[in-house]
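Colleague: Right, I'll just put the structure down here and ask away after.
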Amino acid sequence: MKMNRKKNLNNKKNLKYFMRSMEPEVVTAPGLDSIRDENGEIIPFEIKVLSQEEINKINEAYRKRSMATDKKGNPLIAMGEVVWKTEKDSARASRHLIVEALQFPNLKDPELMAHFKCVDVTDMPLKVFFRADEYQHVSKIVMQALGLASPVNDDEELEAAKNS
């Protein structure tokens, strides 16, 4: 990214361009070939684009910080300060992001959860998209919609697979 210094500061600066709607955007994404309607059409997904604040909140919920201890249970001290250890459950956080972002299908729907005998929403992506290729597809399109993964052109992906 190149930054330019402007010598002429007489240009009016208007902050209205930054005063955008905070209404979440919902995007449509390709569905799975294995899930079709009664007419044989692939059912598309609807994905809500979560804000960075929502993404951070979900990630923080799966981060646990505790005091580091030695084998005897004594706190570890380094340079006169207690050492902290951080544990993250990234896989569970990712599944929670999928659940929050997917608007259709709604993985928090009580009827859908009852069908899969599931009580924890973070298990729903694994239940509904139980095949590895299905889960990978859903995870990829949701993370791309959220801006957490770069979209990859299918032609580039195919070429990369051929060359590896």
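The values are calculated or read from the model by the stated rules, or taken from the named source; none is laboratory data. None of the values given here were measured: they were computed from a predicted structure. Neighbour counts run over all protein chains shown; Cβ positions are idealised from the backbone, glycine included. These accessible areas exclude ligands, DNA and RNA; they are computed on the full protein's heavy atoms, side chains included. Shrake-Rupley method; radii C 1.70, N 1.55, O 1.52, S 1.80 Å.
Colleague: Of everything in the range 64-82 that's open to solvent by 90 Å² or more (accessible area, probe 1.4 Å) and in contact with a strand residue (DSSP E or B) (Cβ under 8 Å, 6 or more places away or on another chain), which residue is farthest from Thr28 (Cα to Cα)? It would help to see each step written out before you state the result.
Modeller: Narrowing the range 64-82 to residues open to solvent by 90 Å² or more (accessible area, probe 1.4 Å): 64-65, 71-72, 77, 79, 81.
Filter once more, so that each one left must be in contact with a strand residue (DSSP E or B) (Cβ under 8 Å, 6 or more places away or on another chain): 64-65.
Values: Lys64: 34, Arg65: 37 Å.
Here the answer is Arg65.
Colleague: Name the residues in the range 83-98 that are open to solvent by 60 Å² or more (accessible area, probe 1.4 Å) and in a loop (DSSP other than H, G, I, E, B), would you?
Modeller: The answer is Asp89, and nothing else.
Colleague: Would you please name the residue that is farthest from His96 (Cα to Cα), looking only at residues in the range 124-137 that are open to solvent by less than 50 Å² (accessible area, probe 1.4 Å) and touching a residue at least 12 places away in the same chain (Cβ under 8 Å)?
Modeller: First pass over the range 124-137, keeping only residues open to solvent by less than 50 Å² (accessible area, probe 1.4 Å): 124-125, 128-129, 134-135.
Applying the additional criterion that residues be touching a residue at least 12 places away in the same chain (Cβ under 8 Å) yields 124-125, 128-129, 134.
Details: Met124: 9, Pro125: 9, Val128: 14, Phe129: 14, Glu134: 17 Å.
Result: Glu134.
Colleague: So, of the residues in the range 18-63 that are farther than 20 Å from Asp133 by Cα and among the acidic types (Asp, Glu), which turns out to be surrounded by the most Cβ atoms within 10 Å (Cβ to Cβ)?
Modeller: Result: Glu54.
Colleague: Return only the number of the condition from (1) modelled with pLDDT of 95 or more; (2) out of contact with any Ser or Thr (no Cβ under 6 Å at 6 or more places or on another chain); (3) farther than 23 Å from Arg36 by Cβ; (4) outside any loop (DSSP other than H, G, I, E, B) that Lys117 does not satisfy.
Modeller: It fails just one condition, (4).
Colleague: Also, quick follow-up: Is the range 61-71 home to any residue that is over 23 Å from Leu148 (Cβ atoms) and aromatic (Phe, Trp, Tyr)?
Modeller: Step one: list which residues in the range 61-71 are over 23 Å from Leu148 (Cβ atoms), which gives 66-71.
Of the ones still in play, those that are also aromatic (Phe, Trp, Tyr) are none.
No - not one qualifying residue is present in the range 61-71.
Colleague: Still on this structure: Taking Arg65 as meeting all but one of (1) modelled with pLDDT of 95 or more; (2) farther than 23 Å from Arg36 by Cα; (3) basic (Lys, Arg), write down the number of the exception.
Modeller: Among (1) modelled with pLDDT of 95 or more; (2) farther than 23 Å from Arg36 by Cα; (3) basic (Lys, Arg), the lone unmet condition for Arg65 is (1).
Colleague: Yes or no: the range 99-113 includes at least one residue that is at pLDDT 95 or above, touching a strand residue (DSSP E or B) at 6+ places or on another chain (Cβ under 7 Å), part of a helix (DSSP H, G or I) and surrounded by 11 or more Cβ atoms within 10 Å (Cβ to Cβ). Steps first, please.
Modeller: First, pick out the residues of the range 99-113 that are at pLDDT 95 or above: 99-113.
Subsequent filtering for residues that are touching a strand residue (DSSP E or B) at 6+ places or on another chain (Cβ under 7 Å) retains 101-104.
Then keep just the ones that are part of a helix (DSSP H, G or I); that gives 101.
Filter once more, so that each one left must be surrounded by 11 or more Cβ atoms within 10 Å (Cβ to Cβ): 101.
Yes, there is a match, as at least one residue in the range 99-113 is at pLDDT 95 or above, touching a strand residue (DSSP E or B) at 6+ places or on another chain (Cβ under 7 Å), part of a helix (DSSP H, G or I) and surrounded by 11 or more Cβ atoms within 10 Å (Cβ to Cβ).
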